[in-house]
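K.L.:
Before I ask anything, let me first share the structure, which is written out below as structure tokens.
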Amino acid sequence: MTRRMYPFYFIAIALAFYVVFTVVPSLMGIYLSFTDWNSYVKTIRFIGLDNYSTIFSSDENYMHGIRNTVVFTVATIVLKTIIGLLLALMVNKGIRLKSFHRVILFMPSVIPMLVVGIIFKSIYDPQYGLINETLRAVGLSSWTQHWLTDIQWAFKSVIAVDVWKGAGYIMVILLAGLQAISHSYYEAADIDGAGVWKKLRYITLPLLMPSLTVTTVLNLLYGLKIFDTVYVLTNGGPGYATDVVYTQVFSQFSLGSYGVGTALITVLFVIMTILGFFAIKLMSREEQG
């Protein structure tokens with residue numbers, strides 16, 4: 001019996017911290033999402049599904065924030081994966097200053113989001129920003145936009161910043177996967193006369209599936225919890241054009257509506273669990289296939 005319990009001693013303290021600081025607060029949050037918890041009353045009353053009916057009501061903007069969060073997640077997963085894979089394939093080849101290129105491409109992912117936000121607010125500035133100034137310099141003044149204040153462009157601009165910041169991180173993970181693939185597969189493909197596309201389709205992508213599964217799950221979790229990028233660049237504006245779940249949660253907690261805020265987090269947790277489950281199941285099936 002003592003021998004069986006011996007391994008548990010090593011994780012007991014960490015497990016206790018996890019339960020106290022993660023599991024218990026999560027369960028409390030789920031319970032509080034069914035109450036009228038706010039800063040204006042001293043007693044908390046159980047109100048059932050009222051907070052959730054408010055969230056899913058057509059009169060409110062909460063569903064718009066949920067849709068934006070899902071769209072942001074899907075868009076960044078696809079773009080980061082494609083760009084990260086292309087960068088990984090490029091850097092994996094025998095190019096000069098390979099290590100230098102890896103550092104430069106990875107560098108944006110370690111820059112604090114506050115700094116990135118300040119930089120891109122300057123780049124996106126409609127009057128003196130780098131993008132509009134460049135467009136004017138090449139005679140494309142009609143293409144200039146109010147990138148962060150135009151409803152048509154604000155959300156796309158935020159997605160572009162997040163992709164720029166995160167693609168290098170995905171590249172590093174996929175590069176590790178590429179370097180784990182034996183060159184003997186490619187040598188055999190060369191003997192059979194396989195071209196670049198067939199090598200990519202039948203060798204690289206199938207053997208890279210474990211790494212792609214990791215990057216997809218990481219991107220999924222990050223995208224659904226996005227807050228800092230939106231908050232720094234637009235704070236959910238113009239209007240509600242770039243509002244996501246966590247900016248709405250921040251707004252509700254700022255207004256003292258803690259019950260609605262915790263309900264929003266609970267809804268996001270359910271969405272995250274469902275999407276994560278199906279993403280892992282789908283990628284695992286592809287990996288086994």
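The values are calculated or read from the model by the stated rules, or taken from the named source; none is laboratory data. For clarity, every value in this text was computed on a predicted model and none was experimentally measured. Heads up, the Cβs are rebuilt from the backbone with ideal geometry, glycines too, and the neighbour counts pull from every protein chain shown. SASA here: full protein model, heavy atoms, side chains in, ligands and nucleic acids out. Shrake-Rupley method; radii C 1.70, N 1.55, O 1.52, S 1.80 Å.
K.L.:
Scan the stretch 175-225 for residues that are surrounded by fewer than 18 Cβ atoms within 10 Å (Cβ to Cβ) and small (Gly, Ala, Ser) and jot them down.
P.N.:
Ala176, Ala180, Ser182, Ser184, Ala188, Ala189, Gly193, Ala194, Gly195
K.L.:
List every residue pair whose Cβ atoms lie under 9 Å apart, where the two residues are 6 or more positions apart in sequence or sit on different chains, the first residue falls within the stretch 110-137 and is closer than 22 Å to Ile170 by Cβ, and the second residue, located anywhere, is outside any loop (DSSP other than H, G, I, E, B) and polar (S, T, N, Q).
P.N.:
Within 9 Å, the pairs are Met113/Thr229; Val116/Thr229; Gly117/Thr229; Phe120/Ser157.
K.L.:
If you take just the helices (runs of 4 or more DSSP H) that sit entirely in the stretch 1-73, which of them hold at least 1 residues that are open to solvent by 70 Å² or more (accessible area, probe 1.4 Å) and among the basic types (Lys, Arg)?
P.N.:
On the way: elements: 2-18, 24-32, 50-55.
By residue number, 2-18.
K.L.:
Which one is nearest to Leu114 (Cα to Cα), of the residues in the stretch 226-250 that are open to solvent by 50 Å² or more (accessible area, probe 1.4 Å) and not in a loop (DSSP other than H, G, I, E, B)?
P.N.:
Here the residue is Asp228.
K.L.:
Has the stretch 182-204 got any residue that is within 30 Å of Thr69 (Cα to Cα), in contact with a helix residue (DSSP H, G or I) (Cβ under 9 Å, 6 or more places away or on another chain) and in a helix (DSSP H, G or I)?
P.N.:
First, the residues of the stretch 182-204 that are within 30 Å of Thr69 (Cα to Cα): none.
Checked the stretch 182-204: no residue is within 30 Å of Thr69 (Cα to Cα), in contact with a helix residue (DSSP H, G or I) (Cβ under 9 Å, 6 or more places away or on another chain) and in a helix (DSSP H, G or I).
K.L.:
Here's a follow-up. Condition first: aliphatic (A, V, I, L, M) and within 30 Å of Ala176 (Cα to Cα). Can you find one or more residues in the stretch 21-42 that meet it?
P.N.:
No, the stretch 21-42 contains no residue that is aliphatic (A, V, I, L, M) and within 30 Å of Ala176 (Cα to Cα).
K.L.:
Among the candidates Leu114, Leu89, Leu79, Leu85, which residue alone is on the phi < 0 side of the Ramachandran plot, open to solvent by 80 Å² or more (accessible area, probe 1.4 Å) and assigned to a helix (DSSP H, G or I)?
P.N.:
On the way: Leu89 fails: open to solvent by 80 Å² or more (accessible area, probe 1.4 Å); Leu79 fails: open to solvent by 80 Å² or more (accessible area, probe 1.4 Å); Leu85 fails: open to solvent by 80 Å² or more (accessible area, probe 1.4 Å).
Leu114 is the lone residue from the list that is on the phi < 0 side of the Ramachandran plot, open to solvent by 80 Å² or more (accessible area, probe 1.4 Å) and assigned to a helix (DSSP H, G or I).
K.L.:
Hey, any hits in the stretch 247-266 for a residue that's under 23 Å from Val78 (Cα atoms), modelled with pLDDT of 90 or more and touching a Leu at 6+ places or on another chain (Cβ under 9 Å)?
P.N.:
No.
K.L.:
Shifting gears a bit: Does any residue of the stretch 156-172 turn out to be of a type in the set (Val, Ile, Thr), modelled with pLDDT under 95 and in a helix (DSSP H, G or I)?
P.N.:
yes
K.L.:
Quick one: how many residues across the stretch 124-142 are of a type in the set (A, V, I, L, M, F, W, C) and either surrounded by 14 or more Cβ atoms within 10 Å (Cβ to Cβ) or in a helix (DSSP H, G or I) (or both)?
P.N.:
Qualifying residue count, the stretch 124-142: 4.
K.L.:
Going residue by residue through the stretch 252-272, is there one that turns out to be more than 23 Å from Ile44 (Cα to Cα), hydroxyl-bearing (Ser, Thr, Tyr) and either open to solvent by less than 20 Å² (accessible area, probe 1.4 Å) or touching a Ser or Thr at 6+ places or on another chain (Cβ under 7 Å) (or both)?
P.N.:
No: the stretch 252-272 contains no residue that is more than 23 Å from Ile44 (Cα to Cα), hydroxyl-bearing (Ser, Thr, Tyr) and either open to solvent by less than 20 Å² (accessible area, probe 1.4 Å) or touching a Ser or Thr at 6+ places or on another chain (Cβ under 7 Å) (or both).
K.L.:
So is Lys121 in a helix (DSSP H, G or I), open to solvent by 50 Å² or more (accessible area, probe 1.4 Å), among the basic types (Lys, Arg) and under 18 Å from Ile226 (Cβ atoms) or not?
P.N.:
Taking the combined requirement at face value, the residue satisfies it.
K.L.:
Considering each of Tyr222, Tyr202 in turn, give the residue that is hydroxyl-bearing (Ser, Thr, Tyr) and over 26 Å from Pro112 (Cα atoms). Write out each step before concluding.
P.N.:
Values: Tyr222 fails: over 26 Å from Pro112 (Cα atoms).
The unique qualifying residue is Tyr202.
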